[in-house]
Every structure is written in structure tokens, then in C-alpha cells.
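Below is one structure; the comments refer to it alone.
The values are calculated or read from the model by the stated rules, or taken from the named source; none is laboratory data. What you see is a predicted model; the values in this text were computed from it and never measured. Every residue, glycine as well, gets a Cβ built from its backbone with ideal geometry; the counts of neighbours run over all protein chains shown.
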Amino acid sequence: MSGASAVGIVLLFPDLLGTYGDSGNALVLARRLEWRDYDVELIEVHGGQSIPEQADIYVVGGGEDAPQTEAARDIGQDGPLHRAVARGAVVLAVCAGMQIVGRSFPDSKGAIRRGAGLLDIETVRVDRPRAVGELLVTPDAGLGLPELTGFENHGGRTRLGKAATALGAVETGEGNGWGTEGARSGRVIGTYLHGPVLARNPALADLLLGWTTGDDLEPLDDTEEAALHRERVRAARQRELQPRRSWKDAIRRG
């Protein structure tokens, strides 16, 4: 990056994968660093542009089927993002982004497309309703995080391979589709949580930033963020804003 001491954050393909506001995750990371007096360089990489491989954090968002396939093609199976991860960079990939960094995912016609292979996961089509609504997750104990909250909107379901660990267990919602949510391997994290997820879950943002800086980060005044988090956890547990399902959908889900 341009400054030797600056933390480099790359937002990948906001023009292709900006449907659900996930680009806000990059801004959350940048602001939480700046509030702690770190220098930050935030770069947006659009479709067709080269991906810098010397950044510290890469953020990938969610989008529709056609742009998802284009983004996967731009990342490839052995390119700058892979070299960055091998060097220790952090990746946060949300929804379509998570599917892209996995091994495979279906396109709009159901054809299987290769992903980047940074996570040992595969996304498949299932005969179930689209997963839409509030999603509440109990994170893996090793992460030391409180409940993770967000909303989901995806048609595919994701299976984890032996080299991937779930981000957590689903309390409310669908997630991966078999009781777990998200996936992680090393410093690569994938999730179906929108929101943006880091605005709803500042503790997760600070976990990623701690991995990046190697520092014990000074606490911030997260009074408003904590209030939002409590409200969203409550709403998820009371199943507010969940979509109404027909009896046919209920049978399929069962």
C-alpha cells in the first residue's frame, strides 16, 4: 500500500456485490481503526480491475447470480487474493461473497461454477424456500464473541468440508441450512449475515482488526452499537420480521 504503516483495506467489487449494503463493512473497519489513531488506506476494486495483493484486509459482499459469477471469474483460483491470504491477510466474505471464496456454487441456471477455494465449502441448490429474515448465531466458543446478529437473503445452502469450521450454530434463521452458519479457515471468514454484519456486531469487527494489527485494541464507546445489538438479538428471539410461510413451505422445510 502507499503508506508503510497504513492498514490497507480492499473492498472487492462493490459495483457487482453491493446489493445488500455489505460495502459498509469496509467502512466500519476503517472507522474503528481511525478512531484508534491508526492510518488507513481504503481501496475499492471494481469488476475487471486488478486486485492488489499487499493489503491487510479484503471485504467481499453479496449480490445477484450474474455479478457473482463475474466476480468469481475476476478472483480466479490462484491470484493476488490467494497470495495475500497465504501471507496472512484477513478476508471477510458475505453471502454471495462467501460462496465465491468457497470451492463451488450454482449459477442462475443451476450450473456449478468454481470458486476461489479459500474456504473448504460448497454451495448447493435445495428444495426449500429462500432463506429470508433475521438470523441469530451462537459463535464458536473459541472466537470469544457474543451472539452474532444480522439478516439473511439467499437461495443456496452451504456444506462445510473437513478443512472448514462453522462460524457458529444457528439459534434463529436458516444460515448454512443444516444448523450451522458461516465458515472459517485461518483468517478467512464467510457468513450469510447482512446488516452490514460489522455494524451490527462490532466485536466481530474488532476480532478481525486484532488479527490484522496484532495489537490489543483499545476499547471504544460502543454504547449505541451495543443498544442496536441487544435490540436485534431480542427481535430475532421473538421472531419479529420473520417471513410468513405457507403450509407447503413448512412441509418442505421439515
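Applying the condition of being small (G, A, S) and assigned to a loop (DSSP other than H, G, I, E, B) to the range 166-182 and asking which residue is farthest from P14 (Cα to Cα) yields G179. Please find, within the range 90-108, the residue that is nearest to L160 (Cα to Cα) out of those that are touching a residue at least 24 places away in the same chain (Cβ under 8 Å) and surrounded by fewer than 22 Cβ atoms within 10 Å (Cβ to Cβ). That would be R103. Among the candidates A72, A116, A84, single out the residue that is surrounded by 21 or more Cβ atoms within 10 Å (Cβ to Cβ), farther than 20 Å from L204 by Cα and over 16 Å from the mean Cα position of the chain (by Cα). Answer to the selection: A84. Evaluate the range 98-113: report whether one residue or more is at pLDDT 95 or above, within 15 Å of D15 (Cα to Cα) and either small (G, A, S) or within 19 Å of the chain's Cα centre (by Cα) (or both). Within the range 98-113 (the criterion being at pLDDT 95 or above, within 15 Å of D15 (Cα to Cα) and either small (G, A, S) or within 19 Å of the chain's Cα centre (by Cα) (or both)), the answer is no, since none of the residues qualifies. Scoring A84 on the criteria (1) over 25 Å from G156 (Cα atoms); (2) in contact with a Cys (Cβ under 6 Å, 6 or more places away or on another chain) leaves a single failure, condition (2).
Across the range 32-69, the qualifying residues are those that are modelled with pLDDT under 95 and among the acidic types (D, E), and the one among them that is surrounded by the fewest Cβ atoms within 10 Å (Cβ to Cβ) is E64. Could you please let me know if T223 is within 25 Å of R125 (Cα to Cα) and modelled with pLDDT of 95 or more? The answer is no for T223. Between A86, A72, the distinction of being over 20 Å from V197 (Cβ atoms), free of Cβ contacts under 8 Å to residues at least 24 places away in the same chain and not aromatic (F, W, Y) belongs to A86 only. Taking (1) at pLDDT 95 or above; (2) surrounded by fewer than 23 Cβ atoms within 10 Å (Cβ to Cβ) in turn, P129 satisfies each apart from (1).
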